[in-house]
Amino acid sequence: KAVEIIIGLEAGYSFDSNDPGGETNFGISKRAYPEVDVKNLTRAQAMAIYEKDYWLPLKPLLIPDRLRLCLFDCAVNQGLDRAIKTLQGAVGVKQDGVLGPETFKAATNYSWFDALTNMLQIRLERYGKHPQWSRYGAGWTKRLIIITLQSVR
């Protein structure tokens with residue numbers, strides 16, 4: 001379900017010269033995947049990449065369910081390391097980028113609502129410092145709103 005939501009947000013093929021990812025399709029960028037024929041990437045191929053490289057490394061079944069989508073979206077949009085550090089910052093543990101027992105315990109024991117709110121705030125603050133905020137800020141903000149609404153359902 002999370003992959004379906006993210007693919008829906010990412011839409012199809014684009015090549016925006018201002019986007020640091022460059023050529024993208026379903027959110028999979030040529031910069032991150034130079035060996036992939038991004039222009040001809042299928043939805044099924046994109047889903048397989050998301051599952052293997054983003055979803056499974058986050059060990060989502062060890063994270064409270066209402067935090068999974070935000071964590072996954074952060075990994076896709078801002079990188080795995082940044083997503084893990086965002087979660088860690090949101091639940092008050094050392095931001096070392098390692099998903100270990102301390103992070104899982106803190107995420108489980110923390111109020112899911114407070115953790116989600118903290119994650120979204122951290123992400124929005126990071127976006128706000130991005131040099132392309134004036135160009136992409138409205139879209140990034142809309143994305144966070146959609147992720148929030150999907151997470152609390």
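The values are calculated or read from the model by the stated rules, or taken from the named source; none is laboratory data. No experiment lies behind these values; they were computed from the predicted model shown. Backbone-built Cβ (ideal geometry, glycine too); neighbour counts: all protein chains shown. For the accessible areas, the whole protein counts, side chains as well, though only heavy atoms, and no ligand, DNA or RNA atoms are used. Shrake-Rupley method; radii C 1.70, N 1.55, O 1.52, S 1.80 Å.
Among the residues of region 92-107, those identified as under 19 Å from the mean Cα position of the chain (by Cα) and part of a helix (DSSP H, G or I) are Thr103, Phe104, Ala107. What pairs come up if the first residue lies in region 39-59 and is more than 30 Å from Gly100 (Cα to Cα), the second is charged (D, E, K, R) and surrounded by 12 or more Cβ atoms within 10 Å (Cβ to Cβ), and their beta carbons are under 7 Å apart, counting only those six or more places apart or on different chains? Short answer, once both residue conditions are applied: Lys39/Glu23.
Residues satisfying the criterion are absent from region 124-132 (criterion: among the acidic types (Asp, Glu), part of a helix (DSSP H, G or I) and closer than 14 Å to Leu67 by Cβ). Just one of (1) hydroxyl-bearing (Ser, Thr, Tyr); (2) assigned to a loop (DSSP other than H, G, I, E, B); (3) surrounded by 18 or more Cβ atoms within 10 Å (Cβ to Cβ) fails for Ser17. It is (3). The set of residues in region 60-76 being buried (at least 21 other Cβ atoms within 10 Å of the Cβ) and not charged (D, E, K, R) consists of Ile63, Leu67, Leu69, Cys70, Leu71, Phe72, Cys74, Ala75, Val76.
Being touching a helix residue (DSSP H, G or I) at 6+ places or on another chain (Cβ under 6 Å), aliphatic (A, V, I, L, M), open to solvent by less than 20 Å² (accessible area, probe 1.4 Å) and modelled with pLDDT of 95 or more is a condition met by at least one residue of region 119-137.
Keeping to region 126-138, report how many residues are within 15 Å of the chain's Cα centre (by Cα) and either basic (Lys, Arg) or over 14 Å from Asp73 (Cα atoms) (or both). Walk me through how you get there before you give the answer.
Of the residues in region 126-138, the ones within 15 Å of the chain's Cα centre (by Cα) are 126-127.
Checking which are either basic (Lys, Arg) or over 14 Å from Asp73 (Cα atoms) (or both) leaves us with 126.
Number of matching residues: 1.
Within region 33-89, work out how many residues are in a loop (DSSP other than H, G, I, E, B) and farther than 22 Å from Gln150 by Cα.
Quick first cut of region 33-89, residues in a loop (DSSP other than H, G, I, E, B) only: 33-37, 41-42, 59, 63-64, 79.
Imposing the further condition that a residue be farther than 22 Å from Gln150 by Cα reduces the set to 33-37, 41-42.
Number satisfying all stated conditions: 7.
When Tyr110 is tested against (1) surrounded by 19 or more Cβ atoms within 10 Å (Cβ to Cβ); (2) modelled with pLDDT of 95 or more; (3) within 13 Å of the chain's Cα centre (by Cα), exactly one condition is not met: (3).
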